[in-house]
Amino acid sequence: MPIDPTITELLSRQKVLPLFNDGDPATCLGVLEALHAGGIRVVEFTNRAAGAVDVFREFAARAAERLPDMVLGAGTIMDDVQAAAFHAAGAGFIVAPHIDPDTGRWCAEHGIPWCPGAGTVSEMVQATRLGAAIVKVFPADALGGPAFIKAVRGPCPWLRLMPSGGVTLDEANLRAWFAAGVHCVGMGSHLVDAESLKAGRFTDLTERTRGLMTILAGIA
């Protein structure tokens, strides 16, 4: 089954993939609504706690009714079993911190965009050959930041790369990543911070998101 190219196109336009995790479905829905109000349409929920798929299933179903244009993905997916479970729960794409060929094959068979993590040129090329829609460069800051991305894309300009780790709300930081040639960037706690979630300050999240989208709109 051919892979739906929509996710690569959406992220090319959106330029950022927000990622977050919380154990309360109501809080997760609040995050989605806040991000949506700020201009986001593609979001990753990370699988980092027991019962995460159940939480995802509950808020994803509610989001489908209230935010029908929002595309939800599942991250920190370690194998094809987890990929299948989250897809059944409503995930439209799969993100992983590593390359698992079985997950890649399962995603390809089901037409689900797969974004595996890689840390070397060999891994990035391998991931692309295995069908990755976008390659997550992780941990991007520890690997060398924008300079590393630029060096990789010298001999491999066809790679669609999404750095995660070290991406901030600072305009200079964002411009450096895109100048290096990234397809989009992944952003976690710099955007969706735990303190705001705990306090229920979703309006703060919306304002941060709007500021981020304004900066990204000015980056070619």
Counting alpha carbon pairs within less than 8 Å and at least 6 residues apart, what relative contact order, in whole percent, applies to the stretch 6-217? 22
Of V95, G23, V121, which is farthest along the charge dipole of the stretch 6-217 in the positive direction, counting Lys and Arg as +1 and Asp and Glu as -1 at C-beta? V121
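Scan the stretch 157-210 for chymotrypsin sites (Phe, Trp or Tyr not before Pro) in coil per DSSP, keeping those whose Cβ has at most 15 other Cβ atoms within 10 Å, and list them by number. Please report the intermediate quantities before stating the final value.
Working: sites: W158, W177, F178, F202; in loops: W158.
Counting only loop positions with at most 15 other Cβ atoms within 10 Å, the chymotrypsin sites (Phe, Trp or Tyr not before Pro) in the stretch 157-210 are W158.
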Looking at the chain as a GNM with Cα springs under 10 Å, which of S122, S196, S164 has the largest mean-square fluctuation? S122
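Evaluate the charge dipole of the chain about its Cα centre and quote only its size in Debye, nearest 20, assuming +1 on the Cβ of each Lys and Arg and -1 on the Cβ of each Asp and Glu. Mind showing how you got there, number by number?
Numbers: 18 positive and 23 negative charges, 127 e Å.
Dipole about the Cα centre, nearest 20: 600 debye.
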Where does the chain land at 222 nm, in deg cm²/dmol rounded to the nearest 500, when only DSSP H runs of n ≥ 4 count, each adding -39500 (n - 2.57), divided by all residues? -14500 deg cm²/dmol
Only four residue types carry charge here, +1 at the Cβ of Lys and Arg and -1 at the Cβ of Asp and Glu. Report the dipole size of the stretch 1-63 about the Cα centre in Debye, rounded to the nearest 20. 180
Output for the stretch 57-104: trypsin sites (Lys or Arg not before Pro) sitting in coil per DSSP, at most 15 other Cβ within 10 Å, listed by number, reads none
Can you list the lysines whose alpha carbon sits under 18 Å from that of K15, skipping same-chain ones fewer than 8 residues off? K136, K150
Built amide H within the under 5 Å cut-off of G117, gap 5+: A96, H98, I99, K136
Determine the distance separating the Cα centre of the stretch 34-74 from the Cα centre of the stretch 116-170; give it in Å without decimals. 25
Among 168-175, 81-88, how do they line up by average Cβ neighbours within 10 Å per residue, starting with the highest? 81-88, 168-175
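Nothing charged except the Cβ atoms of Lys and Arg (+1) and of Asp and Glu (-1): what's the magnitude of the dipole of the stretch 101-220 about its Cα centre? Round to the nearest 20 debye.
Numbers: 11 positive and 10 negative charges, 58 e Å.
In debye, rounded to 20, the stretch 101-220 gives about 280.
All of the numbers you see were taken from the coordinates with simple rules; none came from a lab. The structure presented is a predicted model; accordingly, all values stated were derived computationally and were not measured. Don't worry about glycine lacking a Cβ; one is built from the backbone with ideal geometry, like all the others, and counts go over all protein chains shown.
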